[in-house]
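Notes follow once the structure below has been shown.
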Amino acid sequence: CMEYASYADKTIVTGDTFSYLSWGNIGLMNKAIWQQDPEALIAIGNHEPRRAINGSSADDAAESELYSLLQSQWKHDIYYTSEVLNDKVMVVVMDNQKCKFRDVEYDLLAADIADAREKGIPMLIFEHVAIPTKNPAESAVEAIRVGDTSKTVYNFYEGDAYLLKYGQGDEASDKVYDLIVNNADVIKGIFCGDLHEDMYTEVKAKTASGEDAVIPQYVLNGAAYDNGHVLKITVK
């Protein structure tokens with residue numbers, strides 16, 4: 001996967017680079033990804049900030065402690081990172097592995113949206129967890145291709161246990177969600193991981209001027225399946 005990705009301008013991983021947090025797994029991740037491409041961007045998945053070995057051993061560490069440990073080993077900010085590639089596209093890597101966004105992400109994303117609009121370039125968002133689409137036709141979306149999970153149908157309309165929620169009292173998540181879906185003139189794609197399957201949805205959205213639009217949302221199968229899996233994105 002990394003050899004194929006080396007021909008692109010940027011390699012971005014949508015989370016779950018290892019099964020649980022350990023020095024051994026961090027070393028393997030470095031060898032597999034950052035030693036191959038020191039400029040690669042890696043979103044945080046739900047497995048990175050978890051030291052319980054495959055869920056069988058409890059860990060009472062605070063999330064802040066685990067994130068601090070991860071940040072000390074990450075080559076970029078684990079909450080929010082953005083880059084402009086070849087003056088053609090802005091890529092944004094956000095942390096939403098707990099099915100929610102954070103206040104700090106709102107301010108950074110809002111500033112980047114304004115910057116991308118001023119530059120006249122599209123923005124692509126990369127994160128671990130998919131967001132609800134508010135599209136009634138997507139209440140039972142089937143996987144295009146399945147990895148190692150038995151669940152192959154998801155409610156993208158309202159969001160289920162595996163997706164970010166909206167309107168559930170999480171003010172920060174709702175603010176970021178509203179920011180995304182009301183700037184479809186700039187945000188042209190969302191790319192996620194987590195579900196171990198290939199899926200395609202369309203988020204109902206609006207442009208900054210209030211026109212109806214959709215934002216394509218792709219859930220990506222893991223690189224471990226089918227002898228390696230990479231999605232190539234071309235920005236014309």
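Here are a few things to note about the model shown:
- Packing-based ranking, highest mean first, of 179-189, 222-232 given that Cβ atoms within 10 Å are counted: 179-189, 222-232
- Considering only 68, 30, 101, the residue lying farthest towards the positive end of the dipole of region 13-163 is 30, judged by Cα position with unit charges set on Cβ.
- Net charge of Cβ neighbours under 9 Å - reference residue 82; Lys, Arg +1; Asp, Glu -1: -3
- Solvent-accessible surface (1.4 angstrom probe) belonging to residue 51, in square angstrom, nearest 10: 80 Å²
- Measuring gaps between exposed loop sites in the chain (GluC sites (Glu not before Pro); DSSP loop; at most 16 other Cβ atoms within 10 Å), the longest gap, sites not included, is 40-157.
- Environment charge of residue 209, counting only residues whose C-beta is closer than 14 Å and scoring Lys/Arg +1, Asp/Glu -1: -1
- Overall form of region 1-57 per C-alpha gyration tensor (a/c, 1.5; a/b vs b/c): prolate
- Of the options (1) 1.06; (2) 0.94; (3) 1.27, only one is Rg/Rh (Cα atoms, Kirkwood Rh) as computed from these coordinates, and that is (2).
- Remark: for residue pairs 151/188; 88/119; 10/232; 75/232; 151/232, the C-alpha separation exceeds 18 Å in 151/188; 75/232; 151/232.
- Long-range HN-HN contacts of residue 203 with modeled amide H, under 5 Å: 215, 217
- Among beta bridges that DSSP assigns inside region 72-164, antiparallel share in %, nearest 5: 65 percent
- The portion of the accessible surface of region 89-213 made up by carbon and sulfur, rounded to a whole percent, is 47 (1.4 Å probe; DNA, RNA and ligands excluded).
- For the chain, share of DSSP beta bridges that run antiparallel, in % to the nearest 5: 60 percent
- Residue-count net charge about residue 12 - beta-carbon cut-off 13 Å; Lys, Arg +1, Asp, Glu -1: -2
- For residue 153, solvent-accessible area (1.4 Å; no DNA, RNA or ligand), Å²: 60 Å²
The values are calculated or read from the model by the stated rules, or taken from the named source; none is laboratory data. Note that the coordinates shown come from a computational prediction; the quantities given were computed from them, not determined experimentally. Neighbour counts run over all protein chains shown; Cβ positions are idealised from the backbone, glycine included. Ligands, DNA and RNA are excluded from the accessible area calculation, which covers all protein heavy atoms including side chains. Shrake-Rupley method; radii C 1.70, N 1.55, O 1.52, S 1.80 Å.
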